[in-house]
1. About its Cα centre, what dipole magnitude does the chain give when the only charges are +1 on Lys and Arg Cβ and -1 on Asp and Glu Cβ, stated in debye to the nearest 20?
2. Tell me whether the chain comes out rounded, prolate or oblate; compute the Cα gyration tensor, take square roots of the eigenvalues as a ≥ b ≥ c, and use a/c under 1.5 as the rounded threshold.
3. By how many nm would the segment from Leu4 to Val89 grow when fully extended, if each residue of separation counts as 0.36 nm and the alpha-carbon distance is taken off?
4. Over the chain, what percent of the accessible surface lies on carbon and sulfur atoms, probe 1.4 Å?
5. Is segment 41-86 best put as rounded, prolate or oblate by its Cα gyration tensor, with a ≥ b ≥ c the root eigenvalues, rounded for a/c under 1.5, and otherwise prolate when a/b is larger than b/c, oblate when not?
6. Can you show me the helix-derived [θ] at 222 nm for the chain, built from DSSP H runs with n ≥ 4 at -39,500 (n - 2.57) apiece and divided by the number of residues, rounded to the nearest 500.
7. Would you mind counting up the charge near Val48? Only other residues with Cβ under 15 Å from its Cβ, with Lys and Arg at +1 and Asp and Glu at -1.
8. Counting heavy atoms of the protein chains only and a 1.4 Å probe, report the per residue accessible area for segment 1-42 as a whole number of Å².
Amino acid sequence: MSLLEKINNNKTPSHIAIIMDGNGRWAKQRGKDRAYGHQEGVVAVRRVVEAAAKADVDFLTVYAFSTENWNRPDEEVDALMELMVYSIVKETPDLIKQGVRLALIGDYNRLPLKAKDALDKSLKETANGTKITLILALSYSSKWEITEALKQITHDIKEKQLTSEEINEETFSNYLSTKGIPDPDLLIRTGGEKRISNFLLWQLAYAELYFTDTYWPDFDKEHLYKAILDFQCRERRFGKTSEQIKKEKL
Ligand code: IPE
Ligand code: IPE
Ligand code: MG
């Protein structure tokens with residue numbers, strides 16, 4: 001029985017978020033430069049999108065570039081931006097074929113013009129995809145996102161489009177860039193570190209966390225299915241007791 005067949009279709013995580021880490025170390029291990037690791041990282045994204053779609057995951061969010069990653073050496077930032085443009089242009093026809101709808105979270109305005117153009121085009125061309133939504137977190141950080149939400153809320157209150165009484169968890173969520181997207185059920189981080197690195201702090205409130213030492217370029221469909229199977233063994237209690245959860249399931 002393959003790992004995919006072992007997955008219980010009634011308990012598939014609707015939304016998986018991934019911190020794709022370890023590209024640099026993967027390349028270093030092979031005596032290559034970091035850019036090579038990022039290139040192979042793109043191949044892994046392709047593989048994992050396909051595998052997630054097969055497992056009937058509805059949303060896949062991948063952390064591709066953080067706000068803090070702007071502080072890397074210019075040479076690496078430039079290589080990453082170029083790779084992104086190249087990959088988006090190259091992969092879009094295939095995304096369309098697979099029914100992938102692309103979405104974006106992050107500080108779009110900081111991206112170079114070329115990247116914006118490639119992304120705009122791909123967002124438009126993949127808009128009718130219904131199989132899976134692939135959310136690229138680009139120039140993204142959670143503290144940035146929450147700060148932006150607060151700025152917008154203050155603005156809307158000032159403009160009398162919102163009252164402070166109307167602010168609750170739901171209205172607040174609607175000010176985040178993930179508006180309309182359910183919170184991740186499962187967070188995977190590759191590369192061995194056990195931290196969140198400013199990723200989806202609000203949205204991950206009740207996600208199951210899965211850490212693996214596998215470097216991102218080595219992460220394949222079997223690794224994804226293993227993580228999903230692990231997720232399916234967890235009891236999500238959301239603050240309740242185990243007994244309550246069992247009763248609800250009857
Ligand atoms: C993750 O791999 C990709 C990005 C952050 C863009 P890294 O580049 O962080 O690789 P390591 O962690 O240095 O191995
Ligand atoms: C997190 O990886 C960001 C992405 C995967 C895009 P980093 O490699 O930048 O994270 P830290 O700095 O080690 O926490
Ligand atoms: Mg890293």
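1. Dipole magnitude for the chain comes out near 500 debye.
2. Numbers: a/c = 1.55, a/b = 1.05, b/c = 1.47.
Cα axes put the chain in the oblate bin.
3. Working: separation 85, 0.36 × 85 = 30.60 nm, distance 2.99 nm.
Stretched fully, the Leu4-Val89 segment lengthens by 27.6 nm.
4. Working: 7060 of 13870 Å².
The nonpolar share, carbon plus sulfur, comes to 51 percent.
5. Numbers: a/c = 3.99, a/b = 2.22, b/c = 1.80.
Cα axes put segment 41-86 in the prolate bin.
6. Working: 9 runs with 112 residues, N = 250.
When only DSSP H runs of four or more count, the value is -14000 deg cm²/dmol.
7. Values: positive: Arg46, Arg47, Lys54, Lys131, Arg189, Lys221, Lys226; negative: Asp21, Glu40, Glu50, Asp56, Asp58, Glu91, Asp94, Asp218, Asp220, Glu222.
In short, -3.
8. Details: 2330 Å² over 42 residues.
Heavy-atom accessible area per residue stands at 56 Å².
The values are calculated or read from the model by the stated rules, or taken from the named source; none is laboratory data. Quick caveat: nothing in here was measured; it's all calculated off a predicted structure. For neighbour counting, all protein chains shown are included, and Cβ atoms are generated from backbone atoms with ideal geometry for every residue, glycine included. Keep in mind that these areas ignore ligands, DNA and RNA; they rest on the heavy atoms of the full protein, side chains included. Shrake-Rupley method; radii C 1.70, N 1.55, O 1.52, S 1.80 Å.
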